[in-house]
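Enquirer: Below: one structure in structure tokens.
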Amino acid sequence: MKKAECEQAIRQMCNLWAREQGFDTRSPGAHPSYYEFKNWASTQGYSRYWDFRATGGADYHAEMWFDDEFKQGWRN
């Protein structure tokens, strides 16, 4: 898959996962876990979206998109 396609899908999955988990993404105390998200995506059959080529690796980019979606850029 192309990186841009995967980015769009992963960002959408972030929001779906947050709703399913009951995260209030606007709450300053909310610190969702990328690894819990990735495990959830795998169990839902979405692991194919981590199959793209990129400098630094797909997992690195997916975690950056996750952090961006949840306003956790301070972690990087």
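The values are calculated or read from the model by the stated rules, or taken from the named source; none is laboratory data. Quick caveat: nothing in here was measured; it's all calculated off a predicted structure. Cβ placement follows ideal geometry from the backbone for every residue including glycine, while neighbour counts extend to all protein chains displayed. Just so you know, the surface numbers come from the protein's heavy atoms only, side chains and all, with ligands and any DNA or RNA stripped out. Shrake-Rupley method; radii C 1.70, N 1.55, O 1.52, S 1.80 Å.
Enquirer: Just to be sure I understand the filter: pairs with C-beta atoms under 8 Å, separated by 6 or more residues or on different chains, first member in the range 19-47 and within 23 Å of residue 5 (Cα to Cα), second member β-branched (Val, Ile, Thr) and at pLDDT 95 or above. Which pairs pass?
Expert: These pairs meet every condition: 41/10.
Enquirer: Going through the range 34-60 one residue at a time, which ones are of a type in the set (Lys, Arg) and either in contact with a Gly (Cβ under 7 Å, 6 or more places away or on another chain) or not in a loop (DSSP other than H, G, I, E, B) (or both)? Please lay out each step first, then the result.
Expert: Taking the range 34-60 as the starting set, the residues that turn out to be of a type in the set (Lys, Arg) are 38, 48, 53.
Listed by number, the residues that qualify are 38, 48.
Enquirer: In the range 61-76, what residues are open to solvent by 70 Å² or more (accessible area, probe 1.4 Å) and in a loop (DSSP other than H, G, I, E, B)? If you could, list the steps in order and put the result at the bottom.
Expert: Step one: filter the range 61-76 for residues open to solvent by 70 Å² or more (accessible area, probe 1.4 Å), giving 68, 71, 74-76.
Scanning the range 61-76 gives 71, 76.
Enquirer: A follow-up question, please. When you look at residue 20, is it at pLDDT 95 or above, of a type outside the set (S, T, N, Q) and open to solvent by 30 Å² or more (accessible area, probe 1.4 Å), yes or no? Break it down into steps so the answer makes sense when it comes.
Expert: Details: at pLDDT 95 or above: no; of a type outside the set (S, T, N, Q): yes; open to solvent by 30 Å² or more (accessible area, probe 1.4 Å): yes.
Spelling it out, it is not the case that residue 20 is at pLDDT 95 or above, of a type outside the set (S, T, N, Q) and open to solvent by 30 Å² or more (accessible area, probe 1.4 Å).
To keep it simple, each residue is scored yes or no on (1) modelled with pLDDT under 95; (2) open to solvent by 100 Å² or more (accessible area, probe 1.4 Å); (3) not in a loop (DSSP other than H, G, I, E, B).
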{"site": "7", "(1), (2), (3)": "no, no, yes"}
{"site": "15", "(1), (2), (3)": "yes, no, yes"}
{"site": "24", "(1), (2), (3)": "yes, no, no"}
{"site": "27", "(1), (2), (3)": "yes, no, no"}
{"site": "32", "(1), (2), (3)": "yes, no, no"}
